[in-house]
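The values are calculated or read from the model by the stated rules, or taken from the named source; none is laboratory data. In this text, all values refer to a predicted model and were calculated from it rather than measured experimentally. Using ideal geometry, Cβ is built from the backbone for each residue, glycine included, and neighbour counts are taken over all protein chains shown. Side chains included, ligands, DNA and RNA excluded: accessible areas come from the protein's heavy atoms. Shrake-Rupley method; radii C 1.70, N 1.55, O 1.52, S 1.80 Å.
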Amino acid sequence: MASKNETPRSGSETTVAAVANGGEEPASPKRKIALVTGITGQDGSYLTEFLLNKGYEVHGLIRRSSNFNTQRINHIYIDPHNAPKALMKLHYADLTDASSLRRWLDIILPDEVYNLAAQSHVAVSFEIPDYTADVVATGALRLLEAVRSHVAATGRSHIRYYQAGSSEMFGSTPPPQSESTPFHPRSPYAASKCAAHWYTVNYREAYGIFACNGILFNHESPRRGENFVTRKITRAVGRIKIGLQSKLFLGNLQASRDWGFAGDYVEAMWLMLQQETPDDYVVATEESHTVQEFLEVAFGYVGLNWKDHVVIDKRYFRPAEVDNLKGDASKAKEVLGWKPKVGFEQLVKMMVDEDIEMAKREKVLVDAGYMDAQQQP
Ligand code: NDP
Ligand code: GDR
């Protein structure tokens with residue numbers, strides 16, 4: 001897999017059309033091209049699968065890491081050395097580097113841009129607020145500005161932009177939360193997402209860019225990062241069930257979230273960019289559950305009692321909490337025709353099932369002496 005992390009040829013070394021089509025023939029005029037930031041994340045992987053199924057060519061911007069960070073998309077990666085027409089391509093860039101964003105826009109010539117990249121952990125944003133604002137707020141501004149200047153230089157005004165907004169922007173404003181609910185952010189992450197939201201509205205109003213904000217409520221999956229509460233719980237359930245772990249340390253169990261399935265939510269992102277006019281949409285299941293309810297379903301599903309395993313650790317409480325999020329997704333239902341397919345219990349069970357299988361594989365390694373049983377995920 002090493003070749004995917006080699007820097008692709010730059011525009012100065014080959015023609016724009018050749019790079020966009022893997023160095024072969026010019027791209028088919030009918031095939032749409034998407035540029036996705038955050039392609040290595042949970043949503044990036046589901047969105048890429050979705051777009052490839054729709055016949056898109058997908059270009060993902062990845063940031064440099066000392067380890068490969070492409071685990072979530074390895075199953076759809078085809079080495080362009082073996083298959084020059086591979087439809088997913090990866091390029092190095094970073095939301096903190098404006099020059100890289102503009103350069104890849106000029107080379108790739110996308111029809112749609114999905115800005116999913118973020119320092120997306122709320123608790124971590126209190127630890128690294130400056131960096132969080134740089135990536136989440138100013139990063140979105142850099143990408144919008146790159147789109148604006150690219151359109152001005154090329155006349156490609158049909159380009160469409162999606163901004164990954166968050167229910168965290170509502171913060172302490174009570175539910176149900178809709179597009180008209182005032183924002184009251186409770187973390188550096190949420191405040192940065194508010195800035196990104198308004199930059200997006202401003203570029204739409206000021207420059208006529210087709211830019212949409214998706215205000216997405218929490219969405220989870222077996223690909224969710226392991227330090228978000230749902231996956232932390234289902235990973236622990238798998239390991240406890242298989243005998244690799246006995247305790248699970250958590251913070252506030254009374255927070256309530258509107259949890260949906262990430263695979264359903266990426267369709268809403270795409271639908272927003274297929275409308276006649278750009279707009280902002282709340283995407284949610286309209287059902288809310290506490291962290292404790294999540295624990296009850298996840299542990300109960302494998303015949304365990306969460307109270308025997310969960311230990312409250314103050315370390316996981318936040319300086320300011322968001323107590324209750326529950327979306328009103330009427331507009332997305334009416335205008336986009338979108339609705340969630342996976343319900344709360346089905347989501348929890350899907351995640352537990354996958355994490356039991358992962359724990360079984362870990363157990364084989366532990367029994368063979370290749371892994372420490374105490375190693376926490
Ligand atoms: P993840 O944390 O799983 O993925 C974040 C992605 O952003 C990763 O690909 C990461 O790369 C990339 N990234 C981080 N920093 C940079 C940077 N400086 N430059 C370029 N790329 C960077 O998030 P999700 O997939 O869960 O969420 C996608 C987006 O949706 C995020 O913007 C998030 O804030 C937002 N959102 C998510 C919700 C959810 O419930 N999942 C709800 C509402 C909004 P790497 O792999 O190298 O870390
Ligand atoms: P959230 O997700 O902050 O809603 O942001 P997270 O899963 O981190 O927290 C949800 C709730 O669970 C409580 N909690 C814990 N959280 C974590 N991470 N770890 C714990 O041990 C723990 N114990 C209790 C939290 O206090 C919180 O109330 C997610 C991210 O994906 C954002 O990027 C996205 O914008 C929002 O969802 C919508």
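Of all residues in the range 57-91, how many are in contact with a Lys or Arg (Cβ under 7 Å, 6 or more places away or on another chain), at pLDDT 95 or above and open to solvent by 10 Å² or more (accessible area, probe 1.4 Å)?
Adding up the residues that qualify gives 2.
Within the range 147-187, track down each residue that is out of contact with any strand residue (DSSP E or B) (no Cβ under 9 Å at 6 or more places or on another chain), more than 12 Å from ligand 2 (Cβ to nearest atom) and not in a loop (DSSP other than H, G, I, E, B).
Result: Arg148, Ser149, His150, Val151, Ala152, Ala153, Thr154.
Does Val229 satisfy the condition of being free of Cβ contacts under 8 Å to residues at least 60 places away in the same chain and closer than 17 Å to Asp353 by Cα?
It is false that Val229 is free of Cβ contacts under 8 Å to residues at least 60 places away in the same chain and closer than 17 Å to Asp353 by Cα.
Go through the range 97-139 residue by residue and tally those that are in a loop (DSSP other than H, G, I, E, B), away from ligand 2 (no atom under 16 Å from the Cβ) and open to solvent by 50 Å² or more (accessible area, probe 1.4 Å).
Number satisfying all stated conditions: 2.
Exactly one condition in (1) under 13 Å from Val282 (Cβ atoms); (2) assigned to a helix (DSSP H, G or I); (3) open to solvent by less than 50 Å² (accessible area, probe 1.4 Å); (4) not charged (D, E, K, R) is not met by Val335; state its number.
For Val335, the exception is condition (3).
Please list, ordered by first then second residue, the pairs with beta carbon atoms under 8 Å, 6 or more apart or interchain, first in the range 38-54 and more than 17 Å from Pro222 (Cα to Cα) and open to solvent by 20 Å² or more (accessible area, probe 1.4 Å), second among the hydrophobic types (A, V, I, L, M, F, W, C) and part of a helix (DSSP H, G or I).
Leu52/Ile76; Lys54/Trp270
Checking the structure you have, find out if any residue of the range 254-261 is more than 11 Å from ligand 2 (Cβ to nearest atom) and either farther than 24 Å from Glu127 by Cα or in contact with a helix residue (DSSP H, G or I) (Cβ under 6 Å, 6 or more places away or on another chain) (or both).
Yes.
Answer yes or no as to whether Asp94 is away from ligand 2 (no atom under 16 Å from the Cβ) and either open to solvent by less than 60 Å² (accessible area, probe 1.4 Å) or without any contact (Cβ under 8 Å) to a residue 12 or more places away in the chain (or both). First the steps, then the outcome.
On the way: away from ligand 2 (no atom under 16 Å from the Cβ): yes; either open to solvent by less than 60 Å² (accessible area, probe 1.4 Å) or without any contact (Cβ under 8 Å) to a residue 12 or more places away in the chain (or both): yes.
Taking the combined requirement at face value, the residue satisfies it.
A quick yes/no check of all residues on (1) within 16 Å of ligand 1 (Cβ to nearest atom); (2) over 28 Å from Ser172 (Cβ atoms):
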| residue | (1), (2) |
| --- | --- |
| Arg223 | yes, yes |
| Asn227 | yes, no |
| Leu250 | no, no |
| Gly263 | yes, yes |
| Met269 | yes, no |
| Pro278 | no, yes |
| Glu286 | yes, no |
| Val297 | no, no |
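What residue, among those in the range 285-323 that are touching a residue at least 40 places away in the same chain (Cβ under 8 Å) and polar (S, T, N, Q), is farthest from Asn252 (Cα to Cα)?
Looking at residues that are touching a residue at least 40 places away in the same chain (Cβ under 8 Å) and polar (S, T, N, Q), I get Thr285.
Failed condition for Asp280, given (1) surrounded by fewer than 21 Cβ atoms within 10 Å (Cβ to Cβ); (2) closer than 22 Å to Gln346 by Cβ; (3) of a type outside the set (S, T, N, Q); (4) within 20 Å of the chain's Cα centre (by Cα), with all others met?
(2)
Of the residues Val201, Val124, only one is over 20 Å from the mean Cα position of the chain (by Cα) and closer than 25 Å to Gly327 by Cα; which? Quick ask: steps written out before the conclusion?
On the way: Val124 fails: over 20 Å from the mean Cα position of the chain (by Cα).
Among Val201, Val124, only Val201 is over 20 Å from the mean Cα position of the chain (by Cα) and closer than 25 Å to Gly327 by Cα.
Restricting to the range 224-243, count the residues that are more than 12 Å from ligand 2 (Cβ to nearest atom) and open to solvent by 10 Å² or more (accessible area, probe 1.4 Å).
Result for the range 224-243: 4.
When you check Phe50 against the structure, is it within 15 Å of ligand 1 (Cβ to nearest atom) and part of a helix (DSSP H, G or I), yes or no?
So Phe50 passes the test.
Return the residues of the range 199-221 that are away from ligand 1 (no atom under 16 Å from the Cβ) and not aliphatic (A, V, I, L, M); say none if nothing qualifies.
Asn202, Tyr203, Arg204, Glu205, Tyr207, Gly208, Phe210
Testing Val282 on (1) β-branched (Val, Ile, Thr); (2) in contact (Cβ under 8 Å) with a residue 40 or more places away in the chain; (3) assigned to a helix (DSSP H, G or I), one condition comes back false. Which one is that?
Against the list (1) β-branched (Val, Ile, Thr); (2) in contact (Cβ under 8 Å) with a residue 40 or more places away in the chain; (3) assigned to a helix (DSSP H, G or I), Val282 comes up short only on (3).
Please specify each residue of the range 18-54 satisfying the condition of being at pLDDT below 95 and under 20 Å from Asp94 (Cα atoms).
Val19, Ala20
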